[in-house]
Structures are given as C-alpha cells and as structure tokens.
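Contents: one structure, followed by commentary.
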Amino acid sequence: MKNYFINIRSLALICLGLTLIASVASNSNFGHASSTNRISIESARLNNLTSTSDTNIVLVHGAGSDGSSWSKVIPILTDAGHRVIAVQLPLYSLRDDVDTVERAVDRIGGPTVLVGHSYGGEVITNAGYNNSNVTSLVYIAAVAPDEGEAGNDYFEQLPEEFSKRFNDSFAMDRAGFMYFNPEKLPEFYAQDVDPAEAEILAVVQKPFNQSIIGEKSGPPAWKQLPTWYQISENDLLLPPDLQRFYSERMNATTLSLNSSHASLISHPNEVAQLILNATERSAGT
C-alpha cells in the first residue's frame, strides 16, 4: 500500500499540468456541479465573441506546457479589446510560479481576470488571494485546492490499477523534473487535437519540478471572488468527476465541453467565450 501511494504521488504531478488519466471509480464522492450554474456546450451561444469590458486578462499555463498553449485563445481575447498577458511559469516551485503571476498582475494592472489551465488553477488560486487588482477567476480543466491541500490530495481515491498505467506514461530526469513520454502525450493529453499539433506539444513540453506536488496551497482566492470552471468531459488526465467536485465546491459557473485535457487547444472559441463572460461580470455589464 505504501508503494501505491508513492506511485500516485509521483504521477499525480502530471495532473498539475498534464494531470491524471481516466474516470473516478463509480462510487466517487466528488459530487456533481449544480444544474443552476451549469452551462452545457449544446446550449452555449458562441457566435458573437465580443466584449464591452476593459478588464485585463492574465493566462496561466499548466505544468508541462508554456504560455504558447494559449495561442489559439489569445487572438480572440485581444480582438475583443482586452489587454492580455500569457505568463511563462518557471515550474521550479509553487511559490516561484505564484510570484510570476503576481508580477504579471502588477504589470498589467486592474481590473484583471486570472485564468488557469490544469496546474495553473492552483497558481491562480494563490495569486488571486487578497489581490485588489484581481476581480474573478476562470479554471480550465484545472486543479483548485483549498488551504492546506496539495494538488494531488484527491488522487489517492483513484482505483489502484491506475498506478501501473501511469508509470508507463511518465519519466523523470536526474534532477527530479517530470516529463510526459512523448509517444503517450497525444493519446492521453490531447486526443482531440490534430495529431501533427499534438506531436509538437510533446516535443516542446516544459518539464516541472516533482517537488511541486508536496507543496501545500495557501488561502484560496475562489472563496473571495466569482469563479468560472470549464469541465473537460473526455479528459484522460484530470478525471471529470474531480473537476466537477472542484467546480461545485467553489460554486462556479460551469461550462462542460466534450474535450480532452487540452481544451484550450481543441476548443479555443468556447474557452475564450467563457473567459469573456467572466470579464463582463467583472465589469458589471
């Protein structure tokens, strides 16, 4: 049993950016997002991606990727009239990553919406806390820990057979930085992305320090601010039921997409619209 938890703790690192695979056992206690806050993709109106808000936007990538993962979303946001910064996280420690986002917010000024994908959700959870420039938070298939939780705290509830499956998918270098095995990334991280593009993602992935998994999150900004959450229903890395648990706990306005973990790449219009909705709310329009 001890070895099982060690394996899950190591592999759950990937959930902090290239997160974790498959669904939660059928008796999961993660719960379901409330229907009053849920927006299905079938009913979403995505024809008019415009905004009347002057709210700024800071985009935060996950572990294993970089700011270029937002390349399809950024033009939509800037064309709608927003100032946007896509940060480049160092991925050495949670504190370094939070500091990087806080500096970006200082630079761009307020009001600002923070948007985090995957592990980036933990970063914005901390960077937005008691930050007078931050008006709302948007989570894109992201982890969203409470105070004192680590990003992988709920993964020990996954069935034990996942441990071996994950061991075959990830690698670590001699300095303790984690990588997704390139041949596995298209299959598990971006199965709905063009194969040629998914192969590029595997080549340019940014490794992250395994120590991130052991760092406890601070007081959460999602207890202070309005939140939005995009659930990826076909996510093979961060279980959709866990995403529903996070979104329900923060009482987020929720958008569900039939997407892989890489929803910001495979569904950029829908993700951009959710962000624009948050900017409108932040501006009070």
Rank by packing, highest mean first: peptides 197-206, 224-233, with packing defined as the count of other Cβ atoms within 10 Å averaged across residues. 224-233, 197-206
Within straight cross-link reach of Lys184, meaning Cα distance under 16 Å, which aspartates and glutamates are found once same-chain residues fewer than 8 apart are removed? Asp168, Asp192, Asp194, Glu197, Glu199, Asp235
Taking 0.36 nm per residue of separation between Asp173 and Asn258 and subtracting their Cα-Cα distance, the length gained on full extension comes to 27.2 nm
Which order results if His267, His61, His82, His117 are arranged by neighbouring Cβ count within 10 Å, fewest first? His82, His267, His61, His117
If the label point is 7 Å along Cα→Cβ of Ser93, which residues in the range 186-218 have backbone nitrogen under 20 Å from it? 207-218
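FRET efficiency for Arg103 and Thr78, Cβ-Cβ distance as r, R0 = 22 Å, nearest 0.05?
Numbers: r = 21 Å, r/R0 = 0.94.
Efficiency computed from Cβ-Cβ geometry: 0.60.
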Restricting to Cα atoms and excluding each atom paired with itself, what does the Kirkwood estimate give for the range 176-285 in Å? 15.8 Å
Defining a contact as two alpha carbons under 8 Å apart and six or more residues distant in sequence, what relative contact order in percent does the range 180-285 show? 27 percent
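Read the figures in this text as sums done on the coordinates, not as results from a lab. Predicted model only: the values in this text are computed from it and were never measured. No Cβ is skipped: glycine too gets one built from the backbone with ideal geometry, and neighbour counts run over all protein chains shown.
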